[in-house]
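The values are calculated or read from the model by the stated rules, or taken from the named source; none is laboratory data. Because the structure is predicted, anything quoted here is derived from the model rather than measured. Every residue, glycine as well, gets a Cβ built from its backbone with ideal geometry; the counts of neighbours run over all protein chains shown. For accessibility, only protein heavy atoms count, side chains too; no ligands or nucleic acids. Shrake-Rupley method; radii C 1.70, N 1.55, O 1.52, S 1.80 Å.
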Amino acid sequence: MTTINNNNSQEKIVIETHIEHHHQASARDWKRYFSFSTDHKVIGIQYLVTSFFFFLVGGIFAMIIRGELITPESDLVDRTFYNGMFTMHGTIMLFLWTFPSLVGLANYLVPLMIGARDMAFPRLNAAAFWMVPVVGILVMASFFVPSGSAQAGWWSYPPVSLQNPSGDLISGQFLWILAVAISGVSSIMGAVNFVTTIVKMRAPGMTFFRMPAFVWTVFSAQIIQLFGLPALTAGAVMLLFDLTVGTSFFDPAKGGNAVLFQHFFWFYSHPAVYVIILPIFGIFSEIFPVYSRKPLFGYKVVAISSLIIAGVSGLVWVHHMYASGTPGWMRMVFMLSTMCVSVPTGIKVFAWVGTIWGGKLRLNTPMLFALGALIMFVFAGITGIMLSAVPIDIHVNNTYFVVGHFHYVLYGTVTMGMYAALYHWFPKMTGRMYYEGLGQLHFWLAFIGTNLNFLPMHPLGLQGMLRRVSSYDPQYTFWNVIASLGGFLLGMSTLPFILNMVSSWIQGQAAGDNPWRAIGLEWLTTSPPDIENFEEIPLVISEPYGYGKSEPLTANGHVKSE
């Protein structure tokens, strides 16, 4: 364990040599990233790299969609292929980018943040990861079966998803359902592991109210996974039976109930929004104190609000079914419960503003991405409250207003938040610093591209343009051209990120153990961390986020407050 803040030149040389040797040792061991490793850090990076590959694939599909929509006519691809594009874009971005990337980040950080040497069930952890490539292969393989890829959207409502004109058993829809079911099993395994690890493997002295806010959000999100995912997985299996062996759970032609599938689907899929947004809230709560040099404002309230969001999230699924023949009284109940989510969420936003307010801000790339993501989350929150209201939701139902809101959540907040996290913890993962200039170029291209792409979708939706269409009335051309140009700019913004990550990992400047002078257990250990994480398990003696306070975080570490 070393410190880079030492004025003695001889000791400094020894330290830098140690850092370089440590990094070289890790670099020589690159083959472990292609193995069935049980090290949570290797698994975390395996998740991150794999999910980013699929993020690029889903992004290419998005470029094709925006290329089709830049003109009113359907003139770039045929409609069958277009249906497959938007189905696979949504599927890949949700099940192969958003969820696994956040699981990867949590896999890497949670044991380090709570002072553990690994996850509770390392083999289960590895098995859960290796299901992700299987899911990806199944999804991509659907393009090569005679019937083509699934075309029923990422939600796959019956009876559309039960149509199988080719009569083949192995159809694109079959592979889609099988992939989603496997993804559900993988996530359940991960949730069991995270909850057990956080409850049972915290370092001595780390009470629940000494846990970092990121760990609180992961804990809350994984609880949602445990009670919500079985419903989606069961629904997927029942849909698979309807498609392959002729059961009639959801097929109206055989006496089934198609709306029942919507209950299965949304009972998990709306809370799933909180599964992916809660860790982003945790990232905000870690980054803002570091780059503001202030404690997290209202830490305990922020921590508890994560659990409240997890609890309320189980009471909002019908919010997506206002236009599905839902009785009026039920609409009112779920409108109120959906609006209630804004209370603990608003508390978090207030806490982040309070943290930044009056701080010594350092606008490094992670801080820029976190601030940009927060701004777009506030906008998405406002449109989310609008959609929770029955009259507005029915007015814009099935229009681009919903698409715009959803993408402000998923790209503007989640993906931008993930970028903030990747830049912030990149020195810890690799032992190298990224290039700040490339990082800032990436941020501005992504921020401008995101708003150009998704903001025009709101006036389009209010004017009545339907989603999932490949041709439209010429009156919608102007906003669609702006959205497509923004989409292409957003796609280009990924290039400086890839260049930065690859070149920095290979030949970036040595980072040292704690380049941000952050307070947290993960910054106590070497960069990248040793296999056992810590030379000595830390003894935690105070709350996190002690910037400007006198007490240290641990009794046997060397993190000091300012």
Looking across the range 327-337 at residues that are open to solvent by less than 60 Å² (accessible area, probe 1.4 Å) and either at pLDDT below 90 or among the aliphatic types (A, V, I, L, M) (or both), the single one that is farthest from the chain's Cα centre (by Cα) is Met330
Per the list (1) over 28 Å from Phe174 (Cα atoms); (2) crowded, with 21+ Cβ neighbours inside 10 Å, residue check on Leu102 breaks on (1)
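For the range 61-74, what are the residues that are over 14 Å from Asn453 (Cβ atoms), touching a helix residue (DSSP H, G or I) at 6+ places or on another chain (Cβ under 8 Å) and not aromatic (Phe, Trp, Tyr)?
Once the filter is applied, which keeps residues that are over 14 Å from Asn453 (Cβ atoms), touching a helix residue (DSSP H, G or I) at 6+ places or on another chain (Cβ under 8 Å) and not aromatic (Phe, Trp, Tyr), the range 61-74 yields Ile64, Glu68, Thr71, Pro72, Ser74.
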Condition set in contact (Cβ under 8 Å) with a residue 60 or more places away in the chain and either in a helix (DSSP H, G or I) or touching a strand residue (DSSP E or B) at 6+ places or on another chain (Cβ under 7 Å) (or both), scope the range 128-150, selection surrounded by the fewest Cβ atoms within 10 Å (Cβ to Cβ): answer is Trp130
Matching residues in the range 151-196 (part of a loop (DSSP other than H, G, I, E, B) and either under 18 Å from Gln222 (Cα atoms) or of a type in the set (Ser, Thr, Tyr) (or both)) number 4
The lone condition Phe86 fails out of (1) within 30 Å of Pro538 (Cβ to Cβ); (2) open to solvent by 10 Å² or more (accessible area, probe 1.4 Å); (3) in contact (Cβ under 8 Å) with a residue 60 or more places away in the chain is (1)
Across (1) touching a Gly at 6+ places or on another chain (Cβ under 8 Å); (2) open to solvent by less than 60 Å² (accessible area, probe 1.4 Å); (3) part of a helix (DSSP H, G or I), Ser504 clears everything bar (1)
Within the range 197-216, the residues that are open to solvent by 40 Å² or more (accessible area, probe 1.4 Å), part of a helix (DSSP H, G or I) and under 21 Å from Glu551 (Cβ atoms) are Phe208, Phe209, Arg210
When restricted to Ala221, Ala179, Ala203, Ala213, the only residue closer than 29 Å to Phe143 by Cα, in contact (Cβ under 8 Å) with a residue 40 or more places away in the chain and of a type outside the set (Ser, Thr, Tyr) is Ala179
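Any residue at all in the range 224-239 that's closer than 18 Å to Leu175 by Cα, within 27 Å of the chain's Cα centre (by Cα) and surrounded by fewer than 19 Cβ atoms within 10 Å (Cβ to Cβ)?
Yes: the range 224-239 contains one or more residues that are closer than 18 Å to Leu175 by Cα, within 27 Å of the chain's Cα centre (by Cα) and surrounded by fewer than 19 Cβ atoms within 10 Å (Cβ to Cβ).
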By residue number, the members of the range 452-468 that are out of contact with any His (no Cβ under 9 Å at 6 or more places or on another chain) and open to solvent by 40 Å² or more (accessible area, probe 1.4 Å) are Leu452, Leu455, Gln463, Leu466, Arg467, Arg468
query: Does Gln463 satisfy the criteria of being over 28 Å from the mean Cα position of the chain (by Cα) and in contact (Cβ under 8 Å) with a residue 60 or more places away in the chain?
result: no
Within the range 321-335, restricting to residues that are in contact with a helix residue (DSSP H, G or I) (Cβ under 9 Å, 6 or more places away or on another chain) and assigned to a helix (DSSP H, G or I), the one that is nearest to His263 (Cα to Cα) is Met321
When the range 101-133 is checked residue by residue, the ones that are in contact with a Leu (Cβ under 8 Å, 6 or more places away or on another chain) and closer than 9 Å to Tyr47 by Cα are Ser101, Gly104, Leu105, Val132
Residue hits (the range 26-51; among the hydrophobic types (A, V, I, L, M, F, W, C), at pLDDT 50 or above and open to solvent by 30 Å² or more (accessible area, probe 1.4 Å)) are Trp30, Phe34, Phe36, Val49
Scanning the range 245-274 residue by residue, the ones that are in contact with a Leu (Cβ under 6 Å, 6 or more places away or on another chain) and open to solvent by 20 Å² or more (accessible area, probe 1.4 Å) total 1
Of those in the range 275-318 that are in a helix (DSSP H, G or I), open to solvent by 20 Å² or more (accessible area, probe 1.4 Å) and not β-branched (Val, Ile, Thr), the residue nearest to Ile224 (Cα to Cα) is Gly311
Here the residues within the range 472-499 that are open to solvent by 40 Å² or more (accessible area, probe 1.4 Å) and not in a helix (DSSP H, G or I) are Asp473
(Q) So for the range 53-74 (the condition being open to solvent by less than 10 Å² (accessible area, probe 1.4 Å), among the charged types (D, E, K, R), in a helix (DSSP H, G or I) and modelled with pLDDT of 95 or more), does at least one residue qualify? (A) yes
Residue check, Ser269 more than 30 Å from Ser166 (Cα to Cα) and of a type in the set (Ser, Thr, Tyr): no
Counting only residues in the range 113-125 that are of a type in the set (A, V, I, L, M) and under 22 Å from the mean Cα position of the chain (by Cα), the one most open to solvent (accessible area, probe 1.4 Å) is identified as Leu124
Only unsatisfied item for Ala221, checking (1) modelled with pLDDT of 90 or more; (2) open to solvent by 10 Å² or more (accessible area, probe 1.4 Å); (3) assigned to a helix (DSSP H, G or I), is (2)
Expected single match for over 22 Å from Ile45 (Cα atoms), hydrophobic (A, V, I, L, M, F, W, C) and at pLDDT below 90 among Ala483, Ala555 is Ala555
Within the range 158-176, of all residues that are in contact (Cβ under 8 Å) with a residue 24 or more places away in the chain and among the hydroxyl-bearing types (Ser, Thr, Tyr), the one nearest to Thr244 (Cα to Cα) is Ser171
Sole miss for Val110 among (1) open to solvent by 20 Å² or more (accessible area, probe 1.4 Å); (2) in contact (Cβ under 8 Å) with a residue 24 or more places away in the chain is condition (1)
